[in-house]
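For reference, the structure is listed below as structure tokens.
Coordinate-derived values only; no laboratory data. Treat the numbers as computed from the prediction; the structure is a model and nothing was measured. So basically every Cβ, Gly included, is an ideal-geometry build from the backbone, and we count neighbours across all protein chains shown.
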Amino acid sequence: MSLRFPAQADPSTRPALVTGASSGIGRACAEALAALGHPVVVGARRVDRLDELVTTIREAGGQATACPLDVTDPTSVAGFLTAATDAYGEPEVLVSSAGTLIMARVWEMDPDEFDGQIDIHLRSVQRLLHAVMPGMIGRRRGDVVVIGSDVAYTARPRSGAYVAAKAGLEAMAVQARRELEGTGVRLGVVRPGPVMTEMGTEFDPATAESVINDWVRHGFGRHPRMCKPADLARGVTAMVSMPRGAQITELEIQPEAPIEEDYS
């Protein structure tokens, strides 16, 4: 056992994989990591958006390449890892950010949709770990960040399978982090509160109204502020940039309440 750690390598030698990169938190993380100097491989199903993101990163002076990715498909995950390795070498950073959101009461949600939400938010993360972790462990270095949610411990009504999936994800992350002790690989959870992304914007008015009413009734509507995706990206970059020998295991990022002019 050695108590000494090698210095953290320069970001330019640490390729980063970002899933769910076509919008929201994933896109913001890809841009932030590229700005630090990481070569970034972005994956998502909406390839046209990935191409636009790659162009944006390259025009800003960063390195990026895109690869189609469906995190629910093991073959697609394997292809994504192969393409990423061919582009920049073995990955040193993984940010798991893919996700969708279907709102419903637990018992009213179609079982197939419930299962699909569990797949994309929980099972897909295990698929990524299964593909990436052995190489990181073999090299005795690497950073994995999974995007959790505060719903894991503050369940919001009408959130379908999202609450169960994120609770399972956070429990899995705690287990995996303990199993990784001594390997040199760090795994952390960035836990957002409300974030302004595309998730949820496709709801019909009746669904949106019922969700908001239930959330307010259960105390989830104290103020209207929401985080920006860039706020979460700052947390991700802080996590993967920690010097060797220390790690941020969990980081919750909540929106700050508006400042009251008359606070008494």
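With 0.36 nm allotted per residue and the present C-alpha distance subtracted, the Tyr153-Glu90 stretch has 19.2 nm of extension available.
Using the Cβ-Cβ distance between Ala257 and Asp10 with R0 = 41 Å, the FRET efficiency computed as 1/(1 + (r/R0)^6) comes to roughly 0.60. Taking the Cα centre of the chain as reference, the dipole from Cβ charges on Lys and Arg (+1) and Asp and Glu (-1) amounts to some 1020 debye.
For Arg186, Arg105, Arg156, the sequence from fewest to most other C-beta atoms within 10 Å is Arg105, Arg156, Arg186. Modelled spin-label separation between Thr82 and Trp107, with each label point placed 7 Å from Cα along the Cα-to-Cβ direction: 4.7 nm.
Taking each residue as 0.36 nm, the span from Ile137 to His223 lengthens on full extension beyond its C-alpha to C-alpha distance by 26.6 nm.
Its Cα gyration tensor gives the chain an equivalent ellipsoid, and the semi-axes of that ellipsoid, as √(5λ) in whole Å with the largest first, are 31, 21, 19.
Of Glu108, Glu113, the sequence from fewest to most neighbouring Cβ atoms within 10 angstrom is Glu108, Glu113. The loop-placed chymotrypsin sites (Phe, Trp or Tyr not before Pro) in segment 75-168, going by DSSP, that have at most 14 neighbouring Cβ atoms within 10 Å of their Cβ come out as Tyr153. Helix 47-59 and the long axis of the chain differ in direction by around 60°, with both axes built from C-alpha atoms. Ordering Asp112, Asp73 by the number of other Cβ atoms within 10 Å of each residue's own Cβ, fewest first, gives Asp112, Asp73. Note: relative contact order over the chain, using C-alpha pairs below 8 Å and six or more positions apart, is 20 percent.
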